[in-house]
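The next block holds one structure in the form of structure tokens; read it before the comments.
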């Protein structure tokens with residue numbers, strides 16, 4: 001079983017629901033994300049943890065809560081969600097899948113051999129979409145090699161994800 005760790009505000013900022021703009025209350029956006037994850041968890045019984053930044057708060061410790069089966073972590077004062085997730089990645093737990101588009105997190109996941117996906121791809125999984133088919137028209141390039149074959153890094157990530165079965 002996979003353990004999906006989501007960079008909460010990174011996800012919210014990448015996948016903002018239609019009709020919700022910058023002035024929308026963060027609490028509403030967090031609840032919207034958590035409700036979607038609850039529905040997804042009913043379909044796929046993976047362990048899910050969402051990490052939210054609270055580094056500007058005055059809490060000396062991390063705050064944890066369980067939202068209908070979803071683990072929610074608010075970082076402590078002067079700690080970002082990125083720092084917390086990177087620490088988690090460095091422990092290299094088996095079955096970990098990181099959901100973020102933050103470059104530092106993705107680079108650390110690559111170095112440690114941890115599977116990762118972007119918020120957009122996670123959104124597709126939650127909506128039940130299959131991965132996109134790549135056709136030769138979308139791969140116009142002057143590089144050598146088979147133009148119908150995905151780059152090695154993407155093939156490797158796809159192979160890892162297929163084993164985890166999100």
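Below is a table of values for the structure above.
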| quantity | calculated |
| --- | --- |
| Candidate set from the range 10-52 (those that are more than 25 Å from residue 89 (Cα to Cα) and surrounded by 14 or more Cβ atoms within 10 Å (Cβ to Cβ)); member that is modelled with the highest pLDDT | 32 |
| Matching strands (runs of 3 or more DSSP E) fully within the range 42-112 where at least 2 residues are within 16 Å of residue 6 (Cβ to Cβ) and under 17 Å from the mean Cα position of the chain (by Cα) | 47-52, 70-74, 96-99 |
| Any hit, the range 70-88, residues being at pLDDT below 85 and in contact with a strand residue (DSSP E or B) (Cβ under 6 Å, 6 or more places away or on another chain) | no |
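The values are calculated or read from the model by the stated rules, or taken from the named source; none is laboratory data. For clarity, every value in this text was computed on a predicted model and none was experimentally measured. Quick reminder, even Gly has a Cβ in these numbers, built from the backbone with ideal geometry, and neighbours come from all protein chains shown.
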